[in-house]
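Encoded as structure tokens, the structure appears first; notes follow it.
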Amino acid sequence: MNKRVFYQNSPLFYLNILVLLAIIGIGISVVIVLLMGYLSWRDFWFWLSLIAAIGTIAFFIPEVIHVARNRIILLADKIIVPANKGERKIQHKVEIQYVDIKRIYLVASNKDSNGKSVFGVFVLMPYIIFEEYDGSQKAVNVYYYSKKRVANIIDLTVERAKKQGGELGGKSGSELIKDFINSMKK
């Protein structure tokens with residue numbers, strides 16, 4: 001069993017990368033045109049474009065890094081989810097041994113992964129809940145993951161838990177997601 005890493009795949013993430021690459025391309029073309037002597041240094045539009053490009057890059061680079069750091073890591077014997085960084089910590093560090101998992105299900109909450117309120121967060125976010133044999137529950141925020149990716153994470157977790165002698169069974173990841181969506185409609 002090898003290591004599997006699941007990164008967020010929000011359309012917003014790809015849009016951020018696309019916009020960042022477009023702005024970098026525009027910035028490079030402006031610099032080339034400037035170096036070729038077609039624009040003067042006093043050209044208002046040049047400075048406006050340059051400031052806009054630098055400002056946008058300064059805004060989007062931390063966002064892209066933030067999204068890339070948020071990941072779910074499935075190792076041979078456990079799941080690791082690093083804590084996210086930032087002013088609003090939604091996901092706290094979670095480590096779960098496969099053999100300790102009794103049940104997996106999905107819930108929606110506007111709290112963090114420890115069940116505490118977060119100032120300014122009003123949106124219900126989906127969490128995968130890993131219930132352990134001792135009764136404790138560990139939550140993994142999957143707000144920025146696609147349904148297919150969440151189902152894949154659940155299915156791989158169940159598969160690895162069974163290989164290690166765990167008694168985890170029940171519904172597939174797709175079935176859990178369908179049940180979750182139906183329960184949200186009620």
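Readers should treat all values here as calculations from the given coordinates under stated rules, not as data from a laboratory. For clarity, every value in this text was computed on a predicted model and none was experimentally measured. We place every Cβ from the backbone using ideal geometry, glycine too, and count neighbours over all the protein chains shown.
Screening the candidates ILE90, ILE129, ILE177 for the property of being touching a residue at least 24 places away in the same chain (Cβ under 8 Å), in a helix (DSSP H, G or I) and of a type outside the set (Gly, Ala, Ser) yields one hit, ILE177. All of LEU156, LEU106, LEU74, LEU124 fail the test of being touching a Pro at 6+ places or on another chain (Cβ under 7 Å) and either on the phi < 0 side of the Ramachandran plot or not aliphatic (A, V, I, L, M) (or both), apart from LEU106.
Is it true that ALA139 is surrounded by 19 or more Cβ atoms within 10 Å (Cβ to Cβ) and among the aliphatic types (A, V, I, L, M)?
Details: surrounded by 19 or more Cβ atoms within 10 Å (Cβ to Cβ): yes; among the aliphatic types (A, V, I, L, M): yes.
Taking the combined requirement at face value, the residue satisfies it.
Of the residues making up region 54-84, those that are in contact (Cβ under 8 Å) with a residue 12 or more places away in the chain, under 14 Å from the mean Cα position of the chain (by Cα) and farther than 30 Å from ILE28 by Cβ are ARG71, ILE72, ILE73, ILE80, VAL81, PRO82, ASN84. Of all residues in region 57-83, exactly one satisfies the criterion of being touching a Ser or Thr at 6+ places or on another chain (Cβ under 8 Å) and outside any strand (DSSP E or B), namely VAL67. Hey, among the residues in region 90-120 that are surrounded by fewer than 15 Cβ atoms within 10 Å (Cβ to Cβ) and charged (D, E, K, R), which one's nearest to the chain's Cα centre (by Cα)? Per the criteria, the residue is LYS93. When LEU156 is tested against (1) under 30 Å from ILE26 (Cβ atoms); (2) in contact (Cβ under 8 Å) with a residue 40 or more places away in the chain; (3) of a type outside the set (Ser, Thr, Tyr), just one condition goes unmet, and that condition is (1).
Within region 96-130, the set of residues being within 21 Å of LYS178 (Cβ to Cβ) and polar (S, T, N, Q) comprises just one member, SER109.
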